[in-house]
Structures are given as structure tokens and as C-alpha cells.
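Read the structure below first, then the notes.
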Amino acid sequence: MAVVLRTGMTGADADLCRQAFLRRFDLEHTSRLFKQTLGWTVPKVRDPHTADLWTWPIIAAGSATSA
């Protein structure tokens, strides 16, 4: 696929940016899936920030046991 870049980036730089975007996209959607599956889209805690703090440790614990 030929893409003309006017930013001065090389092909390798553009590929790195694309890979970073895809990785971020994957992480965000995985987090969203876990939150919906666990019923955390509407947290029943006093502070919604608390629910976000607990999301990543739960995901990490789940992925550590499945590996």
C-alpha cells in the first residue's frame, strides 16, 4: 500500500505509529469488553474513579491466570 506522507516521517515511522494505534485500539476495546462483561459500565460504588482503579488489577489477574 503506497501512502504519501507530508509529515517528513519515514515508512518505518508511519508503520510504528500504525502499530501503536492498533495496540491502543485493542487495549481500549478489551478494557471496555471486560467492563461490560463484569457489569462495571455503571459502577455501584460511591466514586466512579474507584471502579476505574479496580478494572486494571482485575484484568491483569485474569490474564495472568490464563497464561
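The values are calculated or read from the model by the stated rules, or taken from the named source; none is laboratory data. Owing to the predicted nature of the structure, the values given are computational and were not obtained by experimental measurement. All Cβ positions, glycine included, derive from the backbone under ideal geometry; neighbour counts span all protein chains shown. Ligands, DNA and RNA are stripped out before the accessible areas are found, and what is left, the full protein with its side chains, is counted by its heavy atoms. Shrake-Rupley method; radii C 1.70, N 1.55, O 1.52, S 1.80 Å.
List of remarks:
- Considering residues of region 43-67 that are open to solvent by 100 Å² or more (accessible area, probe 1.4 Å) and outside any helix (DSSP H, G or I) only, the residue modelled with the highest pLDDT: Arg46
- Pairs, first outside any helix (DSSP H, G or I) in region 8-20, second open to solvent by 70 Å² or more (accessible area, probe 1.4 Å), C-beta under 8 Å, six or more apart: Met9/Cys17
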